[in-house]
Each structure stands twice: as C-alpha cells, then as structure tokens.
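*Asks:* Dropping the structure in here first, questions after.
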Amino acid sequence: MEGTSGTKVLLSDPKVAIPALAVPLAVAIFVQNFNSMADTMWAAWLGGSAVAGLGLAYPLYAAIVGIGNGLGIGVAAAIARCVGLSDREGATRSAGQSLLLALAASVLVTVPLVVFAEPIMYAFGAGEAGPDAVAYGMPIFAGSFFVIAGSVMSGVLRGEGAARRSMVIQVAGALFNMVLDPVLMYGLGMGVAGAGLATVAAGALSLCLGLYYYVGADDMYVRFRIRDLRPDWPVAKEILCVGLPESAEYMVMSLINIPMNYIIVGVGDPNVVGTYTSAWRVGYMVLIPCQALSGGVVSVCSTEYARGRADLVAEAYRFTARRSVLHTFYLSVLLALLSYPIACMFTASDDISYLRDNMTVCLLCLAALLPMMSMVFVGSAFLQSLEHSEIGFLSSLIRNILMVSGYFAMAAVFRSTEAIWVIMAVIEVAGGALMAWLAKVYIGRFGDSCLRGGTGNTS
C-alpha cells in the first residue's frame, strides 16, 4: 500500500529517502513554476501595462502562496514526527487541524486585501498599471482559501511520504491553470483578471484531488475526520511551531518586494518591475533541484529528529548541501548562456522591447547568485526539521532588510537598475552562506544533545 510504503521511505536511509521524495516534488515545482511564467508570457501579449500589473500584484500573491507553503511545511513536519513516533492518531489529528488553520489564515488575508486592493496597489507605485494590478489580484485575494488549502493538502501528503500523490495534485492544478489562462484571458476577454481566476481554480482542484485520495482510498496513513476540524490547540501548536515562522519567512521574502519594487519604479518605470519579476520567475526554475531536495529534507529529517538520530540528520545535511549547490551551479551556467533569448521571450511586446538588455543583465546576476542562494532553502529545511524555523525567519528578515538598504543605496548613488541587480547578487550570496552556517550549528547542537541523552532539543 502506498501509505505504508510512504512511511517506510521516511524511515529508510536519508540518502535514499530524500531523493525518493525530491524527484516527484521537483516535477511538481517545475510545472508550477512554468505555469507562473506562462501567466506572464500570456500577459506580455496584452502589453507592458499587463505585465507590470502582474509584477506589482505578485508580492501579495506570493505572500498568500507563502502562507500556504508555510502551513504545508508545518503539517508535513508534524505528521513526519508522528510517523517517527508511530503515532498514527496524532498524524490524523494534525491533518484535520491543518485545514482549519488554512481557513483561519484565508479569512485574515481576504478581508483586508479585498477591501483595500486598489489603494494598496497605487501605494506600490502602480501608476498606469494600477487597474491591471487590481484586476489580477482581486480574484486571488477573494479566493485565497483555495490557494492556501491546496498547498496545505500537498504538505499533508508529503508528511506521510506520499510524494507521488502530492505531485499529482500540484501538477494537475498547474496544468489546469495553464489551460484556463488563454481561455479566460482571451477567449472570454477577461484579460489579466482571467489569470487570477485561473490561479484560484487551480488551487481548488488541488484541494479536491487531495481530499479524494483520503476519502476514496484505503491505503493512506492519515485519515480525515470531521471531528478533527474542531479547534485543538496542542495539535495546532505542533503545526505552527514550524509553520508560523516559515509562513512569516515566506511573507517577508514576498512583501519585501513591495519597497524593492517602489525603488525600482523610482529609478526606471513600472515596466521594469514586470521584467524584474519575470527574471526571478526564471531564476526559481533554476532553484528547482534545491527546493525539491529541501522539501524531502523536511519530511525525512523531521522523522529522524523525532527518533533522536542526529547521525542521520548530519549525514543528510552533507548529502543535500553538496547536491543542491552542484545541480544549481550547472543550471545557472545554462541560464547565463540563454539569458538573452529568455529576455527576448519576456519582452516580446514592442512597448517593452527597450528593456531587453536590462533583463539580460538581471538574468546574468541571477546566474551568479543562485548556486549559493540554494543554501537558503537547504539550511531553512534543516532548521524546520529541528523545530527552529524561527532562526530561518530571522536570517531571512536580516537578509531582506539588507536587500532593501542595498537597493536604496544603489538607486541613490548610481540611479541605475543594473547597479541594483549587482548588489542583489552580493547580498543573496552572503545570505546563503549565513543560512548554511546556521543549519550546521543547530545540527551540531542536536548531536550534542543526543550524546548527553537528551530529547534532541537544540535551543
């Protein structure tokens, strides 16, 4: 049975278990990232204002996705710890609480964003792109529950080792989004609002498919029960001890783009934000191997953490760090070689073709920073596994504050977006090195605690 085989994977050699979980996750991330780029490429044919609108709304969309990803990581870690302790009841209760937390988070997000969408977008410096930014964002803000819950459901599946089924629900949602994009944007004449609506529909499909697995299949470790949808603070706390700092980290990484975008608009124009955002979407394609390996780390090492196997956690760190940096380096070289053709694709419209060289420089800077940036994801994953997500959050906060300061300094001194791209690379490289060091320190503390006969607490 897949549920049983999934838990056996979690309890196997990390050098086998992490790639086993990472491969289907990599497929899912690739399709999702390609889908994200497809939104922008479809919008490019609507003109520069549409691309800029997507770019300006993207930080808020990414923050919503970040909440879902953070809660998904939290429930995956909680369920994996239960697997390590052979606590099936605890895993089942965690799954139910994760959906309740998704609902609560979506209510907190939807109300203010729907009410204040227009003034928020114009506060970002949207200018002429304001109507497109609001049109794209409004369906996503209103349907945030489906965006968040789809990611949470994926985390539930990963937590019990059902990586292939997690992949299926994510890929199905992304493909559905890609099909709906041109139908809604052009077929029904909805423009960029169609892209936002397609995103919500994709999240709803992922959620429904995940629930189908648990309702229609008898081979899962976790069970969904109505009674587990009642508030249960001790169980919710187990999810939030990882999920809350991780959601906050994702939100910081997303929302920090707001002042960054404002600085970029001040130096260039709103269209530059669109190409900058597009360049980062390409960059995240390069980071797929490290993101996938990191996703595997959370489930596998949370299990080993619960079992007190510091030796296996340390071995997993060495294995994952080497492969993440190496794979990202190879793809970064390819990105550098293809930087100009990629820039051409995203500046196809005549009114933004003047940004082609600028986007090429941005892509080259990304190629330089991405190998070390991969350690941000790897280090954060190990800190999550050791129940120290707050350390990853603080590291991310420091890195992003430095990023805003660097952007401002380059804008003030050089009045050039190219200078901003260079400082971006320098700070991201330093941030990756910091996260790698922090992960190594806390893994060492976990090992020392286990040697003393403790519970593995690394505080």
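Nothing in this text is a laboratory measurement; each read-out follows from the coordinates by a stated rule. Every value quoted in this text rests on a predicted model; they were computed, and no experiment measured them. In this analysis, Cβ positions are derived from the backbone assuming ideal geometry, glycine residues included, and neighbour counts consider all displayed protein chains.
*Asks:* With runs of 4+ DSSP H residues as the only contributors, calculate the mean residue ellipticity of the chain at 222 nm using -39,500 (n - 2.57) per run, divided by the residue total and rounded to the nearest 500.
*Replies:* -29500 deg cm²/dmol
*Asks:* For semi-axes √(5λ) of the Cα gyration tensor in Å, the choices are [x] 31, 27, 25; [y] 35, 25, 19; [z] 49, 37, 18; which was calculated from the structure?
*Replies:* [y]
*Asks:* Normalised by the number of residues in the range 2-451, what is the relative contact order in percent for Cα pairs under 8 Å and 6+ residues apart? The partial results should precede the final answer.
*Replies:* Working: 832 pairs, mean separation 108.0, N = 450.
Relative CO of the range 2-451 lands at 24 percent.
*Asks:* Right, here's the next one. So if we plug the beta-carbon distance of Ala104 and Leu188 into 1/(1 + (r/R0)^6) with R0 = 25 Å, what FRET efficiency do we get, rounded to 0.05?
*Replies:* Efficiency, rounded to the nearest 0.05: 0.15.
*Asks:* About its Cα centre, how strong a charge dipole does the chain have in debye, to the nearest 20, once Lys and Arg get +1 and Asp and Glu get -1 at the Cβ?
*Replies:* The dipole of the chain has a size of about 1120 debye.
*Asks:* Counting other C-beta atoms within 10 Å, which of His388, His327 has the fewest, and how do the rest follow?
*Replies:* His327, His388
*Asks:* If you don't mind, another one. Taking R0 as 41 Å, what's the FRET efficiency between Lys237 and Ile401 from their Cβ-Cβ distance, rounded to 0.05? Before the final figure, lay out the partial values.
*Replies:* Values: r = 29 Å, r/R0 = 0.70.
In this case the efficiency is close to 0.90.
*Asks:* Now for a separate question. Within the chain, which whole H helices from DSSP have a Cα span along their axis of at least 27 Å and a mean Kyte-Doolittle hydropathy of -0.5 or more, if any?
*Replies:* Once both thresholds are applied, what remains is 14-44, 48-84, 88-123, 163-182, 192-216, 233-255, 288-307, 310-337, 356-385, 389-414, 417-451.
*Asks:* Figure the gain on full extension for Cys344 and Ser12 (residue separation times 0.36 nm, minus the Cα-Cα span) and round it to one decimal in nm.
*Replies:* On the way: separation 332, 0.36 × 332 = 119.52 nm, distance 4.59 nm.
Stretched out fully, the Cys344 to Ser12 stretch lengthens by 114.9 nm.
*Asks:* List the pair-distance distribution P(r) of the range 306-348, using every Cα-Cα distance, as the percent of pairs falling in each 5 Å bin from 0 up to the bin containing the longest distance, rounded to whole percents.
*Replies:* 5, 18, 15, 12, 12, 9, 8, 7, 6, 6, 1
*Asks:* Along the positive direction of the dipole of the chain (beta-carbon charges: Lys, Arg +1; Asp, Glu -1; about the Cα centre), which of Gly143, Ala316, Ala279 reaches farthest?
*Replies:* Final value for the positive-end residue is Ala316.
*Asks:* A follow-up question, please. Taking square-rooted eigenvalues a ≥ b ≥ c of the alpha carbon gyration tensor, is the range 172-258 rounded, prolate or oblate, where a/c under 1.5 means rounded and, failing that, a/b exceeding b/c means prolate?
*Replies:* oblate
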